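Following: one structure in structure tokens, then a few remarks.
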Amino acid sequence: MTLVEPPPFQMYSALPIRYVDPVFRPPSEAESLILPVTDGCSWNQCTFCEMYTAPQKIFRARAEAEVLESIRRCGEHFGSEIRRVFLADGDALMLPTRRLLNILSAIRAHLPGVRRISSYCLPRNLRKKPVGELKALAAAGLKIVYVGAESGDDEVLARVSKGETFATTLDALLKLGEAGISRSVMILNGLGGRRLWQQHAENSARLVNAVQPEYLATLVVSLPHGEVRLRAGFPGWEALSQRELFVEMEHFLSGLELKRTVFRSDHASNWLILKGTLGADKEHLLGQIRAAITHPEAAPLRPAWARGL
């Protein structure tokens, strides 16, 4: 996830959209209009996540009237210039389908140049949404959702208070695929720590194999504000060293059996940038990670100061 730097406070009144700091987006949404339809995250209990913690953000759904007015004003300001819209914050799909359809309809009406609409999505958002409703959202313009699966291992998920399991994450991702909405799945390298790294890697690969997502990304678990919250439910958790992160990544990639998934491990948190299509580039990617394990001094690693943490 990328933190979006807000404009100076005095500029807010001139913007078509009211932003509440901090604002985040996926790296691939750098050129998108960030349109908040909720503030914060409705779950907000994951102990590894510091994105929407109180008191900076309290979860609430934005009033539909405010969102529709923001869209209308954006249309007045930007006309057909906007090509992509990202529905913020952490889990826009928790909104009722009727409201989401109204928002998507307003985007089509006021921002006719938009070609792609996207959102974060928690698996729990979809438990009460049948495939038919998701198909309606896809038809209305929702093209891709970013799902932070984090892990496919039930023990790891429970330890970090994710509120999901292998089964619930799988169900949500398969629903999205059946509806024709592209899935970008995120796995957190290092989340299992030294004790659970192997089962974290193996079960995460098993989850991704079962889903065959259109996009897959890995990030390194990062705790710039400390490990107290994480350790509360995960006693004995120890962060992996750089080499151990590479070993876990090699184990994860080795277990993947994908037909055609765009893979990216290029977030600011990653030491080694990996890009390719799985499975066509699997062996090439494994070669890169194995070289970093055996000869880190020769690998094109991102310097620590550039990791933005």
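The values are calculated or read from the model by the stated rules, or taken from the named source; none is laboratory data. Model, not experiment: these values are computed from the prediction. No Cβ is skipped: glycine too gets one built from the backbone with ideal geometry, and neighbour counts run over all protein chains shown.
Somewhere in the range 119-127, is a residue surrounded by 15 or more Cβ atoms within 10 Å (Cβ to Cβ), touching a strand residue (DSSP E or B) at 6+ places or on another chain (Cβ under 9 Å) and hydroxyl-bearing (Ser, Thr, Tyr)? Yes, that holds for at least one residue.
Let's see how each residue does on (1) at pLDDT 95 or above; (2) more than 17 Å from the chain's Cα centre (by Cα); (3) surrounded by fewer than 20 Cβ atoms within 10 Å (Cβ to Cβ):
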site: Ser28; (1), (2), (3): no, no, yes
site: Leu35; (1), (2), (3): yes, no, no
site: Cys41; (1), (2), (3): no, no, no
site: Thr47; (1), (2), (3): no, no, yes
site: Tyr52; (1), (2), (3): no, no, no
site: Arg60; (1), (2), (3): no, yes, yes
site: Ala65; (1), (2), (3): yes, yes, yes
site: Glu69; (1), (2), (3): yes, yes, yes
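Selection of the range 156-181 for residues being more than 14 Å from Cys46 (Cα to Cα), over 18 Å from the mean Cα position of the chain (by Cα) and not aliphatic (A, V, I, L, M) yields Glu178, Gly180.
Restricted to the range 209-263, and to residues there that are part of a loop (DSSP other than H, G, I, E, B) and of a type in the set (S, T, N, Q), the residue that is nearest to Gly193 (Cα to Cα) is Ser241.
Considering the range 134-147, and only residues there that are buried (at least 18 other Cβ atoms within 10 Å of the Cβ) and more than 14 Å from Ile103 (Cα to Cα), the residue that is farthest from the chain's Cα centre (by Cα) turns out to be Leu134. The set of residues in the range 75-107 that are part of a helix (DSSP H, G or I), among the charged types (D, E, K, R) and either under 22 Å from the mean Cα position of the chain (by Cα) or within 23 Å of Pro130 (Cβ to Cβ) (or both) comprises Arg98, Arg99.
Residues being closer than 30 Å to Ser80 by Cα and not in a helix (DSSP H, G or I) are represented in the range 146-160 by at least one member.
Condition check ((1) modelled with pLDDT of 95 or more; (2) in contact with a strand residue (DSSP E or B) (Cβ under 9 Å, 6 or more places away or on another chain)) across all residues:
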residue	(1), (2)
Val211	yes, yes
Arg229	no, no
Ser241	yes, no
Leu274	yes, yes
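The residues of the range 213-238 that are surrounded by fewer than 19 Cβ atoms within 10 Å (Cβ to Cβ) and either polar (S, T, N, Q) or under 23 Å from Val185 (Cβ atoms) (or both), listed by number, are Glu214, Tyr215, Ser222, Leu223. Total residues in the range 46-70 satisfying the condition of being among the β-branched types (Val, Ile, Thr) and either part of a helix (DSSP H, G or I) or in contact with a helix residue (DSSP H, G or I) (Cβ under 6 Å, 6 or more places away or on another chain) (or both): the figure is 2. Taking the conditions (1) over 20 Å from Glu31 (Cα atoms); (2) touching a Cys at 6+ places or on another chain (Cβ under 9 Å) in turn, His110 satisfies each one other than (1). Within the option set Gly177, Gly148, being touching a helix residue (DSSP H, G or I) at 6+ places or on another chain (Cβ under 8 Å) and among the small types (Gly, Ala, Ser) holds for one residue only, Gly177. The sole residue among Arg195, Arg229 that is outside the structural domain of Pro27 (by TED's automatic domain parsing) and under 21 Å from the mean Cα position of the chain (by Cα) is Arg229. Just to be sure, is Leu170 touching a residue at least 40 places away in the same chain (Cβ under 8 Å), of a type in the set (A, V, I, L, M, F, W, C), in contact with a helix residue (DSSP H, G or I) (Cβ under 7 Å, 6 or more places away or on another chain) and buried (at least 21 other Cβ atoms within 10 Å of the Cβ)? Judged against the criteria, Leu170 is not a match.
Matching residues to (1) free of Cβ contacts under 8 Å to residues at least 60 places away in the same chain; (2) farther than 30 Å from Trp237 by Cα; (3) not acidic (Asp, Glu):
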| site | (1), (2), (3) |
| --- | --- |
| Glu50 | no, no, no |
| Arg72 | yes, yes, yes |
| Ala106 | yes, yes, yes |
| Leu111 | no, yes, yes |
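Only residues that are touching a residue at least 40 places away in the same chain (Cβ under 8 Å) and crowded, with 16+ Cβ neighbours inside 10 Å were counted in the range 155-166, giving 7.
For Gln288, the conditions (1) farther than 14 Å from Ile187 by Cβ; (2) touching a residue at least 40 places away in the same chain (Cβ under 8 Å); (3) not aromatic (Phe, Trp, Tyr) all hold with the exception of (2).
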